[in-house]
Amino acid sequence: MSGSSNRDARPAARTPSATDAQRLERPPARPIPPSLELAWGLREEGTRGPRRGLTLERIVDAGIELAAIEGVGSLSMAKIAKRLGVGTMSLYRYVAAKDELLTLMVDSALGTPPPLPKRGGWRAGLTAWCDGVRGAYRRHPWALKVPISAPPLGPNNVAWLNRALESMAGTRLSEQDKLSSVLLLSGFVRNEATLTADFAAAFGEEQVMPGYGTLLLQITSAAEFPALHRAIASGALDDEDDMDLEYRFGMARILDGIGELIDGRLIP
């Protein structure tokens with residue numbers, strides 16, 4: 001009788017929640033590279049050796065300076081070491097490979113995100129976020145040549161991701177929808193910045209291919225390309241290109257779509 005009473009007194013087993021299931025299903029994290037631990041302040045930099053003044057920050061700064069002058073394609077660990085006045089092998093105490101260093105350079109060039117606007121809600125927040133990322137790419141166009149090989153891991157990149165998510169914190173969007181919105185916007189900004197940089201490298205301050213509409217008239221027919229010829233006739237293809245207007249137009253349309261999703265007029 002007493003045994004039965006003890007069993008009855010035990011607390012009922014807790015039913016696993018969806019969060020528990022997600023935690024159990026989450027894949028194990030890969031090891032954190034030592035250079036990333038240094039960037040996050042999770043590891044102390046070495047103080048031994050003849051080059052005690054060498055730091056990860058100095059290496060990253062030297063890489064950024066060279067990338068701005070020579071471009072990412074010609075960047076090498078040997079050139080960075082020469083700029084710092086150290087042996088090439090000494091850099092590998094801080095970064096394991098050039099690709100690792102490039103990731104840290106882009107993270108540093110990005111800087112810290114702007115504060116959330118006090119007014120305007122999620123749309124003003126995401127607009128400021130996009131403008132900030134675009135501004136960083138304009139200051140450091142070499143960063144557009146660095147392939148994206150992993151999700152954000154550097155301190156600045158993670159801070160920018162957090163800021164974008166904060167912009168949508170008061171909306172009805174799911175966390176997945178918020179992340180998808182950030183991916184959509186970041187892809188748009190990077191593509192627009194790449195196009196602008198490519199045009200600037202090819203044409204400088206000149207208009208991009210003036211007389212484009214006239215040229216198309218010479219190689220196409222209205223019968224075969226009726227929609228295109230209506231655009232040519234409107235003069236839209238001969239306007240002076242304004243990439244700022246194109247950027248504002250594209251971003252506004254994306255934000256309109258996110259707004260529709262927030263208001264429940266679109267099914268994700």
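Read-outs throughout are calculated quantities, based only on the coordinates presented, and are distinct from any laboratory measurement. Bear in mind that the values here come from a model prediction, so they are computed numbers and not experimental data. Virtual Cβ from ideal backbone geometry, glycine too; neighbours counted across all protein chains shown.
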key: the chain, helix-only ellipticity at 222 nm - DSSP H runs n ≥ 4, -39,500 (n - 2.57), divided by all residues, nearest 500   = -18500 deg cm²/dmol
query = So, by mean Cβ neighbours within 10 angstrom, what's the order for 122-128, 228-234 with the highest one leading?
reply = 122-128, 228-234
request  = Enumerate the amide H contacts of residue 96 below 5 Å, restricted to partners 5 or more residues apart or on another chain; note that Pro and chain-start residues carry no placed amide H.
outcome  = 35
request  = Count the net charge of all other residues whose Cβ sits under 12 Å from the Cβ of residue 152, scoring Lys and Arg as +1 and Asp and Glu as -1.
outcome  = 0
task = Treating cross-link reach as a plain straight distance, find the lysines whose alpha-carbon is under 29 Å from the alpha-carbon of residue 82, omitting any fewer than eight places away in the same chain.
result = 98, 145
query = Please state the Cα pair-distance histogram of the chain with 5 angstrom bins from zero: what percent is in each bin?
reply = 1, 5, 9, 11, 12, 12, 11, 10, 9, 6, 5, 4, 2, 2, 1, 1, 0, 0, 0, 0
query = So for the range 213-252, what percent of the C-alpha to C-alpha distances run longer than 15 Å?
reply = 49 percent
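Rounded, prolate or oblate: which one fits the range 28-110, using the alpha carbon gyration tensor with axes a ≥ b ≥ c (rounded when a/c is under 1.5, else prolate when a/b beats b/c, else oblate)? Spell out each step's value before the answer.
On the way: a/c = 1.84, a/b = 1.16, b/c = 1.58.
Oblate shape, in that a/c is at least 1.5 and b/c is the bigger or equal ratio.
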task = Can you tell me how much longer the chain between residue 227 and residue 246 gets when fully stretched, taken as 0.36 nm per residue apart minus their C-alpha distance, in nm with one decimal?
result = 4.8 nm
Ratio of the Cα radius of gyration of the range 68-214 to 2.2 N^0.38 Å, where N counts its residues = 1.25
request  = Under 11 Å from the Cβ of residue 116, count the other residues' Cβ atoms, weight Lys and Arg +1, Asp and Glu -1, and hand me the total.
outcome  = +2
request  = Within the range 83-120, which residues have the backbone N less than 18 Å from the label spot 7 Å out from residue 149 along Cα→beta-carbon, could you tell me?
outcome  = 91-109
request  = Report ³J(HN,Hα) in whole Hz for each residue of the range 186-198, in order, from the Karplus equation J = 6.51 cos²θ - 1.76 cosθ + 1.60 where θ = phi - 60°; Gly and Pro get x.
outcome  = 5, x, 4, 5, 5, 5, 5, 5, 5, 4, 4, 5, 5
query = Given the Cα-Cα distance of residue 158 and residue 238 and 0.36 nm per residue of separation, how much length would full extension add, in nm?
reply = 24.6 nm
ask   = Any idea how far apart residue 214 and residue 76 come out in nm if each label point goes 7 Å out from Cα toward Cβ?
value = 4.8 nm
remark   = Taking Cα pairs closer than 8 Å and at least 6 residues apart, the relative contact order of the chain in percent is 14 percent
message = Please compute the contact order of the range 93-146 in relative form: average sequence separation of alpha-carbon pairs under 8 Å and at least six residues apart, divided by the residue count, as a percent.
response = 39 percent
query = For the range 53-62, what does the Karplus curve 6.51 cos²θ - 1.76 cosθ + 1.60, with θ = phi - 60°, yield as ³J(HN,Hα) per residue in whole Hz, taken in order and with x for Gly and Pro?
reply = x, 6, 9, 4, 4, 5, 5, 5, 4, 5
ask   = For the range 131-268, rounded, prolate or oblate, judged on the Cα gyration tensor with a ≥ b ≥ c (square roots of eigenvalues), a/c < 1.5 rounded, else prolate if a/b > b/c?
value = oblate
ask   = For residue 183 and residue 89, what is the calculated FRET efficiency with R₀ set at 45 Å and r taken between the beta-carbons, to the nearest 0.05?
value = 0.75
